[in-house]
Amino acid sequence: MQYTAKDIIKECNDRNIHLYHLAIEDEMNKNNVSEEYIRAEFYNMLDVMGKSSSNFLEKESVTNMGMIDGFAKKMNDYYKKGKSFCGDDVTRAMAMAFSTIEVNASMGKIVAAPTAGASGILPAAFMSAKIKFDLDKDTLINGLLTSSFIGKIIGKYFTFAGAEGGCQAECGSAASMASAGLVQMLGGSVEQCFHAGSFALLNVMGLVCDPVAGLVEYPCAFRNSSGVINAMLCADMALADVKSVVPFEEVMKAANIVGSALPLSLRETGIGGIAGTETACNIRNVYFSKFDK
């Protein structure tokens with residue numbers, strides 16, 4: 001299997017196929033399963049995403065720490081007023097991203113796409129697109145397969161672990177995957193999928209991972225909410241035929257170098273950044289005191 005954008009684009013053009021076709025072929029070859037099985041599994045993932053992204057829109061969440069309780073409902077209530085700066089689609093997507101992160105923080109069922117810390121981005125992007133464009137099941141599955149294929153390439157050149165690459169590795173990768181999927185679902189080309197994926201990582205390159213008390217809640221919730229918007233705007237730029245000067249795999253290599261250069265205190269250790277503030281340290285001390293008794 002080729003892993004450079006140039007080679008993949010050429011293969012798709014030569015064979016007149018899409019990235020989701022390559023994703024299916026790769027899964028079939030590696031796991032000896034049928035296309036029907038793969039599509040059924042991806043539909044199951046979409047079902048979980050749909051539920052997690054809507055679970056806390058109408059009711060307030062209750063998490064162990066209480067740092068992000070009710071954010072999704074507040075955002076959804078605000079969306080309903082129809083007076084946001086960003087517009088209804090964007091505001092609703094933000095609420096959906098909050099919802100999944102709150103489901104995760106309350107020990108509910110989510111799809112780690114690609115991680116629990118970034119699990120709100122893909123569901124919000126896909127469910128927002130489903131509502132706005134009335135997308136059918138097959139279109140959504142093809143989009144998610146496209147996202148998964150982009151994820152395979154990210155995994156080769158970069159990492160999904162905040163402990164290795166900072167939040168750019170989690171929310172940046174999720175936005176990259178989501179943006180490519182959005183482009184696919186709206187009929188964009190393979191090349192445009194790669195451009196969108198490149199933009200999304202470029203926009204957050206160097207983003208640190210600094211969870212308060214080491215928990216995937218704060219500031220993770222906000223980065224998921226902004227991450228879905230990153231995915232959407234990057235999809236729009238790519239569909240407008242704006243192009244990335246640097247190839248996709250080179251962007252990922254650069255992000256890997258940047259992530260390695262981040263100090264350990266800014267790589268999911270819960271020590272630096274926001275996690276190192278006085279308030280965050282007090283929250284951490286209260287949290288860990290529960291285990292000292």
Could you tell me whether Leu182 is under 13 Å from the mean Cα position of the chain (by Cα), of a type outside the set (S, T, N, Q) and crowded, with 24+ Cβ neighbours inside 10 Å? yes
Residue check, Asp26 charged (D, E, K, R), more than 16 Å from Phe248 (Cβ to Cβ) and open to solvent by less than 30 Å² (accessible area, probe 1.4 Å): yes
Inside segment 8-23, can you point out the residues that are exposed (fewer than 12 other Cβ atoms within 10 Å of the Cβ) and within 16 Å of Gly188 (Cα to Cα)? Asn16
Identify, from the list Ala175, Ala163, the residue that is surrounded by fewer than 24 Cβ atoms within 10 Å (Cβ to Cβ) and either more than 22 Å from Thr91 (Cβ to Cβ) or not basic (Lys, Arg) (or both). Ala163
Since Gly151 meets every condition but one in (1) open to solvent by 30 Å² or more (accessible area, probe 1.4 Å); (2) in contact with a Pro (Cβ under 9 Å, 6 or more places away or on another chain), which condition does it not meet? (1)
Test: Lys243 is surrounded by fewer than 16 Cβ atoms within 10 Å (Cβ to Cβ) and within 21 Å of the chain's Cα centre (by Cα): no
The condition from (1) over 16 Å from the mean Cα position of the chain (by Cα); (2) open to solvent by less than 10 Å² (accessible area, probe 1.4 Å); (3) under 30 Å from Gly270 (Cα atoms) that Gly188 misses is numbered (3)
Residue check, Met65 part of a helix (DSSP H, G or I), touching a Phe, Trp or Tyr at 6+ places or on another chain (Cβ under 7 Å) and either open to solvent by 30 Å² or more (accessible area, probe 1.4 Å) or within 18 Å of Phe126 (Cα to Cα) (or both): no
Looking only at segment 130-148, which residues are of a type in the set (A, V, I, L, M), open to solvent by less than 30 Å² (accessible area, probe 1.4 Å) and part of a helix (DSSP H, G or I)? Leu140, Ile141, Leu144, Leu145
Checked pairs for segment 86-112, first within 18 Å of Val216 (Cβ to Cβ), second part of a helix (DSSP H, G or I) and basic (Lys, Arg), C-beta under 6 Å and 6 or more apart or across chains, list as none
Against the condition surrounded by fewer than 24 Cβ atoms within 10 Å (Cβ to Cβ) and in contact (Cβ under 8 Å) with a residue 60 or more places away in the chain, how does Val216 come out, does it pass? yes
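The values are calculated or read from the model by the stated rules, or taken from the named source; none is laboratory data. Quantities reported herein were computed from a predicted structural model and do not represent experimental measurements. Positions of Cβ are generated from backbone atoms using ideal geometry, with glycine treated the same way; all protein chains shown enter the neighbour counts. Quick note on the areas: whole protein, heavy atoms, side chains included, nothing else; ligands and nucleic acids left out. Shrake-Rupley method; radii C 1.70, N 1.55, O 1.52, S 1.80 Å.
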